1. Among (1) outside any helix (DSSP H, G or I); (2) under 18 Å from residue 12 (Cβ atoms), there is one condition residue 73 misses while meeting the rest; what is its number?
2. Which residue pairs have Cβ atoms closer than 8 Å, lie 6 or more positions apart in sequence or on different chains, and pair a first residue in the stretch 125-136 that is more than 20 Å from residue 34 (Cα to Cα) with a second residue that is of a type in the set (Phe, Trp, Tyr)?
3. For the list (1) in contact with a Gly (Cβ under 7 Å, 6 or more places away or on another chain); (2) not assigned by TED's automatic domain parsing to the domain that holds residue 129, I need the number of the one condition that residue 8 fails.
4. Just wondering, is there one or more residues in the stretch 79-89 that are under 15 Å from residue 137 (Cβ atoms), assigned to a loop (DSSP other than H, G, I, E, B) and modelled with pLDDT under 95?
5. Out of 92, 109, 86, 146, I need the residue that is touching a Lys or Arg at 6+ places or on another chain (Cβ under 9 Å) and of a type outside the set (Asp, Glu). Which one?
6. Output the number of the condition that residue 52 fails; it satisfies all remaining conditions of (1) over 16 Å from residue 108 (Cβ atoms); (2) surrounded by 13 or more Cβ atoms within 10 Å (Cβ to Cβ); (3) acidic (Asp, Glu).
7. Looking at (1) aromatic (Phe, Trp, Tyr); (2) surrounded by 20 or more Cβ atoms within 10 Å (Cβ to Cβ); (3) out of contact with any helix residue (DSSP H, G or I) (no Cβ under 6 Å at 6 or more places or on another chain), which is the one condition that is false for residue 107?
8. Tell me which residues, restricted to the stretch 11-64, are part of a loop (DSSP other than H, G, I, E, B), over 13 Å from residue 112 (Cα atoms) and hydrophobic (A, V, I, L, M, F, W, C).
Amino acid sequence: MPDQNPTNWEPVIVAFFCNWCTYTAADLAGVSRLRHAPNVRIVRIMCSGRVDPQFILTAFAKGADGVLIGGCHPGDCHYSEGNYKLLRRVRLLNRMLRDMGIEEKRFRLEWISASEGDKVKSVINEMVAQVKALGPLGLPKQYEELDKELEHIEQQSSGKEAHSHVG
């Protein structure tokens, strides 16, 4: 778990990159020695259209401070329409994350082609800076506190049930 002290804290960003475009661009950035913040954990996927909303929710629930999705530009998808499927999911996810209290700048979609290594670098650095300015999300800790509260409520209600059956 990262240090939660704001002066030492560094955000953790989980990135889902399409194999054919954005992951290839990230590889190009590395080969070209374009430096980006080391805060990103890249997950290679075959197509951005295969990103299940549960992947994003799980990343946040497991401690990610931000999630980035990179896919082929619309019209250039290796699988024809994968990025259009993703776009529909992202619109729904944005609403869901907002309802959960997760700031908009913690979740980002970027279209990055295989030749745009410099864009990978700038998008990653920009997102890390934005998330760092927001501070830790701390979702796992919030869940722990909610679990304790629910446990307390369950204990209270089971205690009342035991008393109501006496007599």
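The values are calculated or read from the model by the stated rules, or taken from the named source; none is laboratory data. None of the values given here were measured: they were computed from a predicted structure. As a convention, Cβ positions derive from the backbone with ideal geometry for all residues, glycine included, and neighbour counts pool all protein chains shown.
1. It is condition (2) that residue 73 fails.
2. From residues that are more than 20 Å from residue 34 (Cα to Cα), the pairs are 132/9; 135/9; 136/9.
3. Going through (1) in contact with a Gly (Cβ under 7 Å, 6 or more places away or on another chain); (2) not assigned by TED's automatic domain parsing to the domain that holds residue 129 one by one, residue 8 breaks only (1).
4. For the stretch 79-89, residues under 15 Å from residue 137 (Cβ atoms), assigned to a loop (DSSP other than H, G, I, E, B) and modelled with pLDDT under 95: absent.
5. 86
6. It is condition (2) that residue 52 fails.
7. So residue 107 meets the others, but not (3).
8. 12, 34, 37, 46, 51, 64
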